[in-house]
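Heads up, the thing below is written out as structure tokens.
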């Protein structure tokens, strides 16, 4: 009888172990949806606009206890300056021009390594669209906090630069991001730092040779609720490549100013479901 009981117990252990293992392998539907409101639209340290609303929606799946993930969806920037009203002084006629940015993206992550693709669209001028591929790795499997490295390269679209003969050629604009986030779990506060590098000449990042184009610090506070997460954050950015005696903080972007700024900052609030 004891042998029978031992055998039954062993059999049950194998069954439950197999079931638990099967649960780990189960593929689960996943989604991310929400929005942020920011005082300034800062992209990789650059000032791209003022007060903005930035919604995002992604769908995909998780597998192997979220060690493998896939996401695809869209992100948009709807800034106050994206609405332009022009009136004809003679007859009073006018029109509005809507110029938001809409980005379509897809990422696949496996055990900390990520590959991705992003298509950037600007609704006022589709000829300025660009395509970007990315690879990255997060070291959070090895450290208690999140350290990561990401590489982004533009591969198609409006990303050109003049060569020494004045002819346009593809710039292959590249941005390398090194980051580290430290989180105090007991209070839901995260302090993050980023360093951004542009390894060769790029009109997109405004550098003529290898340069550090972004040093950012971000402080983020999370409030967890049953069905949503509220984020409040502040971020400051410095562009060391543009620091000189002539330029200063620029609070408003313009074609003649876009790559001259050295300091940028934003305040924001996010709501995620």
**Request:** Out of 136, 116, report the one residue that is touching a strand residue (DSSP E or B) at 6+ places or on another chain (Cβ under 9 Å), under 18 Å from residue 180 (Cα atoms), modelled with pLDDT of 85 or more and assigned to a strand (DSSP E or B).
**Result:** 136
**Positions within the stretch 199-215 being closer than 10 Å to residue 239 by Cβ and not in a loop (DSSP other than H, G, I, E, B), in sequence order** = 207, 211, 212, 213, 214, 215
**Among residues of the stretch 253-273, those that are over 30 Å from residue 186 (Cβ atoms) and either at pLDDT 95 or above or over 22 Å from the mean Cα position of the chain (by Cα) (or both), counted** = 5
**Request:** Scan the stretch 230-252 and report the pairs whose first residue is modelled with pLDDT of 75 or more and whose second residue is in a strand (DSSP E or B) and exposed (fewer than 12 other Cβ atoms within 10 Å of the Cβ), with Cβ atoms within less than 8 Å and a gap of 6+ or a chain change.
**Result:** 230/223; 231/223; 232/223
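The values are calculated or read from the model by the stated rules, or taken from the named source; none is laboratory data. Remember, predicted model here, so these are calculated numbers, not experimental data. Positions of Cβ are backbone-derived with ideal geometry, glycine not excepted, and every protein chain shown enters the neighbour counts.
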